[in-house]
Amino acid sequence: MTHFNPLGHISIGVRDYAVSRAFYTAVLAPLGLKLVYDSGPISGVPIGKVRTLGYGPDEEHELLNIFEYQDSAPPGRGFHLAFNTPTRQAVIEFHAKAIELGGTDNGTPGVREHYGKNYFAAFVVDPDGWRLEAVCKVPPEKEGKSETP
C-alpha cells in the first residue's frame with residue numbers, strides 16, 4: 001500500500017533573503033533537500049512582489065517555502081519544524097552547518113530515548129528565530145539500506 005502524504009508544504013517568513021538562502025541551502029543539503037525555486041535577487045522581482053525560496057528533493061515535491069517579509073516573526077514556544085533524515089550523520093551535518101551559518105544550538109545531536117530508542121535528533125534555531133529539528137528514526141544497523149524487498 002502506498003502512503004499518501006496530505007501535507008503539501010510549509011511556508012515561513014524571514015527578514016533577510018540572502019542570509020536565509022545561504023543558511024537553508026547549506027542546512028537542508030544533508031537531508032536531501034535542495035533549492036528548487038528562487039524568485040531571484042531584488043532587481044529581478046517586480047515591485048510589490050516578495051522574494052521567495054523553495055526547497056525540496058525535486059521541483060515536483062517542494063516542501064518548504066520561504067518568503068522575505070521585513071516584519072516576519074516565528075511563532076512562540078511549542079512550534080518547530082522537524083525534518084526526517086535517512087542517517088544519523090545527516091543529523092550531525094545539519095546541526096554543524098546550522099551553527100556555522102548563524103544558527104543557535106537548541107539541542108546537540110544525540111539519542112532522545114524519551115521519544116524512542118532510535119530517535120536521534122538535533123535542534124537549532126535559525127537566524128530569524130525559527131526552531132528546527134533534524135531526526136533520524138532508523139536503527140543504526142539499518143541506516144542506508146533500502147526498505148524495498
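Here, each number is a calculation from the coordinates, and none is a lab measurement. Owing to the predicted nature of the structure, the values given are computational and were not obtained by experimental measurement. Note that each Cβ is placed from the backbone with ideal geometry, even for glycine, and that neighbours are counted across all protein chains shown.
General remarks:
- All positions within the stretch 122-142 that are touching a His at 6+ places or on another chain (Cβ under 9 Å), not β-branched (Val, Ile, Thr) and not in a loop (DSSP other than H, G, I, E, B): ALA122, PHE123, ARG131, LEU132, GLU133, ALA134
- Contacts under 8 angstrom Cβ, first residue in the stretch 1-27 being hydroxyl-bearing (Ser, Thr, Tyr), partner surrounded by fewer than 17 Cβ atoms within 10 Å (Cβ to Cβ) and not in a strand (DSSP E or B), 6 or more apart: TYR17/ILE42
- Among the residues examined, GLN70 qualifies as polar (S, T, N, Q) and surrounded by fewer than 13 Cβ atoms within 10 Å (Cβ to Cβ).
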